[in-house]
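All remarks here apply to the structure that follows.
The values are calculated or read from the model by the stated rules, or taken from the named source; none is laboratory data. Everything quoted here is computed from the prediction, not taken from an experiment. Using ideal geometry, Cβ is built from the backbone for each residue, glycine included, and neighbour counts are taken over all protein chains shown.
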């Protein structure tokens, strides 16, 4: 586990080969609430098990996560592993919960909010749910993974919108790519958040797991039962790679502790 300072208020830790920030929920909400559209665009990512596994298999994705202003753990299993492997301080805050908190407690009537979504139904549902918010919405092209021009158009939309908050909700790693490239655009401002299916949960298009399931860390089971055809392969094939990453993390921790112990026990050479 590697630790680096990324902001005056929080520390970044590399865990399971992915960056996570040691930050509290109140600190994060305050940071987001205070961020203005006069400041350069920063973005937030919410890695879960699927993201961590992808990062292990596709190193080319790492810059998109490393450049993020804030990286918050979206996964209860990862949070549990962090405690077991003594990676302290990781905030577990699902993107869906963060999105709801922002819309309920931070975003005000008249605020400019941009959305990058997968289809027009989500756009209309958001407008109906929050009629006082000044939305700017882009429905992304479906072939964005294979069309650099479509990705560039999404990044340009985010940069030009000058919204207080931009929610990019078209899945990983598309959302992270868009946020990264938008952050490089001159004049881009505000905060972009890569939040997966959060807008669908917020509008009721999809149902979140009951609170008791979230607290037990089995929200993934609810999602699997809700969308088995789409998610079974991701969850099943993610178990092995996650276990290997956890074993490597444990081995690295043991080696680091042994090295520290050896240094303490080494005799001090006479002067």
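Only one of 79, 22 is within 24 Å of residue 239 (Cβ to Cβ) and either at pLDDT 95 or above or in contact with a strand residue (DSSP E or B) (Cβ under 9 Å, 6 or more places away or on another chain) (or both); which?
Exactly one of 79, 22 is within 24 Å of residue 239 (Cβ to Cβ) and either at pLDDT 95 or above or in contact with a strand residue (DSSP E or B) (Cβ under 9 Å, 6 or more places away or on another chain) (or both), namely 79.
Go through (1) within 15 Å of residue 43 (Cα to Cα); (2) touching a strand residue (DSSP E or B) at 6+ places or on another chain (Cβ under 6 Å) for residue 140 and report which single condition fails.
(1)
Can you name every residue in the stretch 9-26 that is out of contact with any helix residue (DSSP H, G or I) (no Cβ under 6 Å at 6 or more places or on another chain) and outside any strand (DSSP E or B)?
23, 24, 25, 26 - these are the residues of the stretch 9-26 that are out of contact with any helix residue (DSSP H, G or I) (no Cβ under 6 Å at 6 or more places or on another chain) and outside any strand (DSSP E or B).
Being part of a loop (DSSP other than H, G, I, E, B) and touching a helix residue (DSSP H, G or I) at 6+ places or on another chain (Cβ under 7 Å) is the filter; apply it to the stretch 73-106 and report the residue that is farthest from residue 30 (Cα to Cα).
Here the answer is 85.
Given the conditions (1) in contact (Cβ under 8 Å) with a residue 12 or more places away in the chain; (2) touching a helix residue (DSSP H, G or I) at 6+ places or on another chain (Cβ under 7 Å); (3) not assigned by TED's automatic domain parsing to the domain that holds residue 35, and given that residue 115 satisfies all but one, which numbered condition is not satisfied?
(3)
Just for the stretch 205-237: of the residues that are closer than 30 Å to residue 41 by Cβ and at pLDDT 75 or above, which one is surrounded by the fewest Cβ atoms within 10 Å (Cβ to Cβ)?
It comes out as 205.
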